[in-house]
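The values are calculated or read from the model by the stated rules, or taken from the named source; none is laboratory data. Just so it is clear, the structure is predicted and the values come from calculations on it, not from any experiment. Glycine also receives a Cβ, built like all others from the backbone with ideal geometry; neighbour counts cover every protein chain displayed.
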Amino acid sequence: MIKSNGKSNGKPDQLLAWMDGLADETRLRLLNLLERHELGVVELCDILQLPQSTVSRHLKVLSDENWVRNRRLATTRFYRMILDELDPAARKLWLLAREQTGHWATLQQDELRLQRRLRDREIDSAEFFAGAAAEWDRLRTELYGDDFTTAALLALLPRDLVVADLGCGSGAVMQLLAPHVKQVIGIDNSPAMLKAARKRLTDAPNADVRKGDLQSLPLADATCDAALLLLALTYVAQPQPVLREMHRILRAGGKAIIVDLLPHDREDFRRQMGQISSGFSSEIMNELLTSAGFTDPRSVSLPPGTDAKGPALLLATASKT
């Protein structure tokens, strides 16, 4: 990159070029990543969830204006922004842009995907040296699949549990739980979903599928040991009554488990999925759980799955004392 002596020739051309470089959401996202890590095009496409043609086009703009440098390694080109090598004026513009976008939900989504990619790098490196151990993992999956791991973990559950799956959908989670607990009760208000769930659970006599609203559950007080709310809370206008109902049906010592979306800016995704909310931060979720009467709320961000195309998720747990 070219350093200047910090003096201006009185013309705004360079300033306008720098401002143009920052006047795009995708380029802001790229610089936010490349300031901290050197990343390849394929990695950037995965993190930003954008096609390679789009990412490459924006990288060319940033390269032409000296925002980033790049190097080629084999068939891959890696990019990085070196803050100290920027023109002093450009550096000031970037620091201002970084400050103003610090709470941008999209950057938080990018960060989660970045961390997953960095972990993938570590795994790749470990597998290179693992030799036989890595071969065994591959062979085990080829011979036996991966379902036995889920079955083994579910077998840890106490056999006398009564579990409520709120917003059970087509009953996939109920089908997994049924062989391992005393009873699993699914609640949903969609006739189509309920029909699919009943068909799926024909061979599970301890699975009970009921029609009901999440704000007025067809369950008596203190009748469940655990309650699940998986990818359902973003579909309700008022989360608080739903969480209060969840609290009501749990016995003392019962546990609430919630998985839902982290905040995101993908309005097209929200409309496509028919969701009312665009997700919940850890802080907001913990506040909602506490307000509903739960104790010890804990929320953690879940890294996106390798092939996941939707926003990143949040896992929250809490107890009823």
Within the stretch 294-307, which residues are assigned to a loop (DSSP other than H, G, I, E, B) and farther than 17 Å from Leu233 by Cα?
Pro303, Pro304, Gly305, Thr306, Asp307
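Conditions (1) surrounded by 15 or more Cβ atoms within 10 Å (Cβ to Cβ); (2) closer than 25 Å to Val300 by Cα; (3) under 23 Å from the mean Cα position of the chain (by Cα), marked per residue:
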{"site": "Leu156", "(1), (2), (3)": "no, yes, no"}
{"site": "Ser170", "(1), (2), (3)": "yes, no, yes"}
{"site": "Gln183", "(1), (2), (3)": "yes, no, no"}
{"site": "Ala227", "(1), (2), (3)": "yes, yes, yes"}
Among what's in the stretch 275-293 and is over 18 Å from the mean Cα position of the chain (by Cα) and in a loop (DSSP other than H, G, I, E, B), pick the residue that is surrounded by the fewest Cβ atoms within 10 Å (Cβ to Cβ).
Gly293
Within the stretch 16-120, helices (runs of 4 or more DSSP H) holding 3 or more residues that are of a type in the set (Gly, Ala, Ser):
52-64, 88-100
Across the stretch 13-40, what is the total count of residues that are aliphatic (A, V, I, L, M) and modelled with pLDDT under 95?
7
Against the condition surrounded by 12 or more Cβ atoms within 10 Å (Cβ to Cβ) and hydroxyl-bearing (Ser, Thr, Tyr), how does Ser63 come out, does it pass?
yes
Please verify whether the stretch 119-128 includes one or more residues that are in contact with a Leu (Cβ under 7 Å, 6 or more places away or on another chain), outside the structural domain of Ala312 (by TED's automatic domain parsing) and at pLDDT 85 or above.
no
Out of curiosity, is Asp260 at pLDDT below 95, buried (at least 16 other Cβ atoms within 10 Å of the Cβ) and not polar (S, T, N, Q)?
no
Tally the residues that are closer than 11 Å to Ile185 by Cα, in contact with a Lys or Arg (Cβ under 6 Å, 6 or more places away or on another chain) and not β-branched (Val, Ile, Thr), restricting the search to the stretch 197-224.
1
Go through the stretch 32-68 and give me each residue that's within 19 Å of Leu107 (Cβ to Cβ), polar (S, T, N, Q) and out of contact with any Leu (no Cβ under 9 Å at 6 or more places or on another chain).
Gln49
Candidates Ile47, Ile82, filtered to the one that is assigned by TED's automatic domain parsing to the domain that holds Arg117, touching an Asp or Glu at 6+ places or on another chain (Cβ under 9 Å), surrounded by 14 or more Cβ atoms within 10 Å (Cβ to Cβ) and modelled with pLDDT of 90 or more
Ile47
